[in-house]
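Here the structure comes first, spelled out in structure tokens, and everything after it is commentary.
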Amino acid sequence: MKKVNLLAFLLLPLFCLAQESFKLKGKIVSETIPLEWADVSISNSEGKIIDGSTSKQDGSFEINIKKGSYKIGITLLEFTDYEKEFAIESDLDLGTIILKESATNLKEVIIQSKKKTIEQKTDRLVYNLENNVTTVGGDALSAINSAPGVVVQNNTINILGKGTSRVMIDGRMIELVGEELNNFLKSISASDIKNIEIISNPPAKYDAEGTGGLINIIMKKGVRDSWKNTTTVSYDQNKYSIYTLRDNFFYNKNKFRFSASINAKTGYLNATDDLKMYFPDGLSHMKSATKVKTENLSGKLALDYDLSERTTIGFQYLNDRNNPDFKSDIRIEDYNNQNGLDNVTLNNSFTDKGSKNQTYNAHLITKLDSLKRKLSFDVDYFNYSSKFDRNFVANNYTPDMTFVDVNQSGRNISNQDIDNWSFKADMEHPFPALNLSYGAKMSFTNSVSDVLYFNTITGTPELDSNQSNRFKYTENNQAVYVNADKKLNEKWNFQMGLRLENTQTNGFSETMNQQTENNYLKLFPTFYASYKKNENNTFSLNYGKRINRPRFDLLNPFRIYINSNSYSEGNPFLRPSFSDNFELAHSYKEILRTSVFVNAITNGYGVLFTSNPETNTQIVTRENYFKNLNYGIGESYSASFADWWSSENSLYLLGAKTEFIKDINATPSNSLQIDFSTNNTFLLGKTTKLQIDFIYTTPFKSGLYEVGYASSFDIGFKQDLFNKTIQIAFLANDIFNTSYLKDFTSVINGVKQVYEEKQSNRFARLSVVYNFGNKKINVQQRDFGNKEDNKRTGGN
């Protein structure tokens, strides 16, 4: 009964009625003609803008507002701003409002402005890409990695001190994680991104998924009454080479907005792995060298149409195809206790790998009345499919490389298909006392994965049913939320939210005839408070509860062999983990920002690299095995040391306390972690920029694992030509090749494992960008007195 009452409380605002309002109208003209596209704003007695509109082709405008006293403001380029106070008790016609042309001819004035690279808002940090030279010719993943306080490593995107983060595009969740998410982000051009929002404690409007919060990628929109095309050609050189072609097109005219992009990439990467396992009877050392084909084709279409001044409909479509085939040469050396080499296993394989995903979105946004109530609907469909076909042969040799026998020969085939439907409705409902928003979302996910293993040791493929499996997984989620924010005065602002999520999961292994169900109903509260002491100092406090649900593949109980002495298996009994996030922040002149944070994780799950000393086999499993208390302090400093030198710097001190809640025959260990980054941009001239970046992370211990240091030194250069029509950029990334994962160490069951991974982080990139378009295309224009004469001269 309590659940029903709570749900009723959350949905109660849906039944609120609109207050009575009156019609305000007028007509805006110059001394000779009506003025179209003039911006009209209505402010209350406190100076807060409560509504607005733009004038039509004949200069008229119309706004519905409730009874009261207000101020109208009208602005239009090349005209002097207009303001007037008025009171309304019934329908009111302000008549003809004449704007005077400004004394300065703005067409001849060049205004140069630069956005701040980092902007601090109440519940998020906004990172603007336009000042970053190193992202030219890059992709969304590299852009995220350059954002302050965000680290991309080992296929995960983490907000420092918070944990793994989910990623959204324009506020819509991407239903991918891990390697699949990274591949998708690599298909998006960084030049197509306006900014990136780092939301460590997301408001109740957003899904509660992700202990590390959300990364929201905001895509660029076309400028009104213009079209623009940007073509980028890039060449990357690592051990091999990669060629990239990107094209982004924007068109915006009258009520119609359209954008399209296409990205194509081809080439190769080099990846190496090194794993040492110290068994009681000696060391097993695995070294792997892999040549990975990078082949990607992706595209995006987006269009929006204004049905009226209040209502807009839109559609988006994204398509991404990857074909990362790779050839691996694995060498396994087994030593005895006297460090003598006993035997060698060589495993040679070729993998035909491919994936594709499609995302569809349809949306409607409508302003209901002059109270600025706004209702939006979203329908999303997402499909992801992948294939994996691996042929391999592992041969045993004596230390002098004399052939002994075939250790293993086989063919692994696996396929995965994921479908997701989601339906969302959001309402923004301002009241005189506070701003209220509420909404609901339903999501339906189906996943099917197949694993087939053929033994080819005899030369004739034979299906091994003990190593073949079909796994089905469904996850349905229903959510409602309510969020309220209130500005008490010029100093204090509060925001509170509550999200209720109901989840049902079902996993079924057909081969093992094993079914696992899980249903849970959870509340996720959020709270924000900000205090502006004066013009220079602002303080904020926030709290949020989050959930981290296991990926579909982690729930598959079936065993998949990585090589002859290493296999991975999922856990159908994995449960979600939860986190409580607290953060206290201070901003001084928006130059120096300090944040102190605590993140408490319960029922935490993760990968366990366990081992079987009796068979000298590595076992990769997943368990809910820990609870964690992460804490830290972060400092970021934005500086302009000179007109030609701007710098963004951050320093994080991170610590943790870990307890194991499951007996895994291991001891937790933690240490202080220091993360430092500096990004420096130098203006070498009006059209030339040089950027020098450096990051460094100290070695640290965190729970079960110990991780070595990481650092990267990057140099970027950009030259603008022909009034920015052409840009030439050069990037030397990770010059000293020190940013890879190293000394990744764990000790379980008395067996020490040390892992290292390199993935062509050091490379040089040359990019050429070509911009062209029309900043002011023809629109629906008012008629001039010389229209007919203009036609005779060839004018439009």
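Where a number appears in this text, it was derived from the coordinates with a stated rule and is not lab data. Note that the coordinates shown come from a computational prediction; the quantities given were computed from them, not determined experimentally. Virtual Cβ from ideal backbone geometry, glycine too; neighbours counted across all protein chains shown.
How do 332-343, 501-512 rank on mean C-beta neighbours within 10 Å, highest first?
Descending packing order for the listed peptides: 501-512, 332-343.
How large is ³J(HN,Hα), in whole Hz, for each residue of segment 481-491 in order, when computed from phi with the Karplus curve 6.51 cos²θ - 1.76 cosθ + 1.60 and θ = phi - 60°, using x for Gly and Pro?
3J(HN,Hα) across segment 481-491, in whole Hz: 8, 9, 9, 9, 10, 9, 9, 5, 7, 5, 9.
With unit charges on the beta carbons (Lys and Arg positive, Asp and Glu negative) and the dipole taken about the Cα centre of segment 118-219, which residue among SER187, ASN132, GLY149 sits farthest to the positive side?
Ranked along the dipole, the leading option is GLY149.
Estimate the FRET efficiency between GLU309 and ASP580 by the formula 1/(1 + (r/R0)^6), using the beta-carbon distance for r and 41 Å for R0, to the nearest 0.05.
Efficiency at R0 = 41 Å is approximately 0.40.
Please list, ordered by chain and number, the residues whose modelled amide H lies under 5 Å from the amide H of ILE661; skip anything fewer than 5 residues away on the same chain.
Close amide H contacts, sequence-distant or interchain: PHE626, LYS627.
Just rank LEU141, LEU653, fewest to most, by other beta-carbon atoms within 10 angstrom.
With the sparsest Cβ surroundings first, the list reads LEU653, LEU141.
Exposure proxy check: MET496, MET401 ranked by fewest other beta carbons within 10 Å?
Ranked by crowding around the Cβ, least crowded first: MET401, MET496.
Which of the peptides 739-745, 578-584 is most tightly packed, and how do the rest follow, judged by the mean count of other Cβ atoms within 10 Å per residue?
578-584, 739-745
Determine the gain in length on full extension of the stretch THR516-ALA362; use 0.36 nm per residue of separation and subtract their C-alpha separation, reporting nm with one decimal.
52.0 nm
Set the bar at 30 Å for Cα to Cα. Now go through LYS162/LYS533; LYS353/LYS441; LYS205/LYS367; LYS293/LYS742; LYS424/LYS545 and name every pair that lies beyond it.
LYS353/LYS441
What are the ³J(HN,Hα) couplings of segment 672-684, residue after residue, when phi is run through the Karplus curve with 6.51, -1.76, 1.60 and θ = phi - 60°? Round to Hz, x for glycine and proline.
Result, rounded to whole Hz: 6, 10, 10, 10, 10, 9, 9, 10, 10, 10, 10, 8, 8.
Quick one: dipole size for segment 226-774, taken about the Cα centre, charges +1 on Lys/Arg Cβ and -1 on Asp/Glu Cβ, in debye to the nearest 20.
Using Cβ point charges on Lys, Arg, Asp and Glu, segment 226-774 gives about 2040 debye.
Where does each of 442-451, 166-175 land if you order them by average Cβ count within 10 Å, highest first?
With the highest mean Cβ count within 10 Å placed first, the list reads 166-175, 442-451.
Given the C-alpha centroids of segment 479-556 and segment 22-43, what is the distance between them in whole angstrom?
Between the Cα centre of segment 479-556 and that of segment 22-43, the gap is 43 Å.
Could you please rank ILE217, ILE547, ILE457, placing first whichever residue has the fewest other Cβ atoms within 10 Å of its Cβ?
Placing the least packed residue first, the sequence is ILE457, ILE547, ILE217.
Working from Cα positions, state the angle (0 to 90°, nearest 10) between the long axis of helix 2-11 and the longest principal axis of the chain.
The two axes meet at around 40 degrees.
Among PHE660, TRP645, ASN630, flag the residue with its Cα farthest along the positive direction of the charge dipole of segment 616-668, charges on Cβ as +1 for Lys/Arg and -1 for Asp/Glu.
Checking the options against the dipole of segment 616-668, the answer is PHE660.
Amide H to amide H, which residues 5 or more places from GLU295 or on other chains are under 5 Å from it, using H placed in the peptide plane?
Those lying under 5 Å, H to H, from GLU295 are ASN323.
Could you state the number of Å between the C-alpha centres of segment 640-663 and segment 320-337?
Result: 34 Å between the Cα centres.
Could you derive backbone 3J(HN,Hα) for segment 279-293 from the dihedral phi with the Karplus parameters 6.51, -1.76 and 1.60 (θ = phi - 60°), listing whole Hz in sequence and x where the residue is Gly or Pro?
7, x, 9, x, 7, 10, 10, 10, 10, 10, 10, 10, 9, 9, 7
Using amide H atoms built 1.01 Å from N in the peptide plane, name the residues 5+ places from LYS239, or on other chains, whose amide H lies under 5 Å from its own.
Under 5 Å from the amide H of LYS239 lie the amide H atoms of ASN270, each far enough along the sequence or on another chain.
Where a ≥ b ≥ c are the square roots of the eigenvalues of the C-alpha gyration tensor, would you call the chain rounded, which needs a/c under 1.5, or, failing that, prolate if a/b is larger than b/c, or oblate?
Taking the square roots of the gyration eigenvalues as a ≥ b ≥ c, the chain is prolate.
What 222 nm value per residue comes from the helices of the chain, counting each DSSP H run with n ≥ 4 as -39,500 (n - 2.57) and dividing by all residues, nearest 500 deg cm²/dmol?
My calculation for the chain gives -1000 deg cm²/dmol from helical runs alone.
Tally Lys/Arg at +1 and Asp/Glu at -1 over every other residue whose Cβ is under 14 Å from the Cβ of LYS758; what's the total?
Charge balance in the 14 Å sphere: -1.
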